[in-house]
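Single-structure report; data block below.
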Amino acid sequence: NIFKKTDRVNIGSIVPTVADEQLLSLLSGLNPKARTRTIVDSLMKILKLLQPFMIILEGDGDIDPSSWSLLAELMQRASAECPQIMLIVSSRDSPTITSAASNLRRNAVQVKLTPFEKYETELFLRVMLGVRNRDIAVDQKLLDVVHDRANGCPLFIECVVRWALEKNMIEYVEGSK
């Protein structure tokens with residue numbers, strides 16, 4: 001067993017059902033930086049075994065400063081100890097990164113995901129429908145309906161098209177453009 005009692009406490013502080021009051025009492029009195037380091041120490045033991053690994057944090061609001069500190073420490077350590085870890089923070093609004101996590105700014109790539117424009121919806125439709133020939137057009141009514149119903153969201157576009165294909169609502173008309 002690679003986990004010490006402190007590791008079980010640290011993991012338990014993240015996954016509360018793992019820890020009990022006796023274990024949590026071992027961490028009382030630690031300053032926030034020390035606690036962050038001990039939690040990351042425990043996580044690194046797990047993540048080293050699991051890599052390649054992707055951590056996805058999704059939310060609609062800002063991430064609190066202590067969580068940013070934990071993420072910053074985790075990513076700093078991961079680059080040296082677990083290079084096959086990817087961290088994704090998903091947010092509807094651009095998250096406010098605290099100064100404690102400033103190293104995340106240097107080592108992060110921000111990707112802004114916006115809804116597809118109609119021409120992008122058409123390109124996606126062409127791929128999904130297997131239309132490789134540039135001379136064959138996607139019906140404008142189909143494009144309008146799919147784009148409007150899916151609101152430009154690629155996942156919804158895919159769902160709408162799959163549903164329409166299952167219902168035989170989309171057909172290829174031989175000889176048409």
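The values are calculated or read from the model by the stated rules, or taken from the named source; none is laboratory data. As the structure is a prediction and not an experimental result, all values here were calculated from the model. Reconstructed Cβ throughout: ideal geometry from the backbone, glycine too, with neighbour counts over all protein chains shown. These area figures cover heavy atoms from the full protein model, side chains too; ligands, DNA and RNA do not enter into them. Shrake-Rupley method; radii C 1.70, N 1.55, O 1.52, S 1.80 Å.
Data overview
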{"item": "Potential extension, residue 158-residue 123 segment - 0.36 nm per residue separation minus Cα distance", "result": "11.4 nm"}
{"item": "Cβ-derived FRET efficiency at R0 22 Å, residue 172 paired with residue 149, nearest 0.05", "result": "0.60"}
{"item": "The range 112-173 shape via C-alpha gyration tensor axes, a/c threshold 1.5", "result": "oblate"}
{"item": "Accessible-area value, residue 167, 1.4 Å probe, nucleic acids and ligands omitted, Å²", "result": "120"}
{"item": "Overall form of the range 30-86 per C-alpha gyration tensor (a/c, 1.5; a/b vs b/c)", "result": "oblate"}
{"item": "Positive minus negative residues near residue 164 (Lys, Arg vs Asp, Glu; Cβ under 14 Å)", "result": "-2"}
{"item": "Packing-based ranking, highest mean first, of 38-45, 136-143 given that Cβ atoms within 10 Å are counted", "result": "38-45, 136-143"}
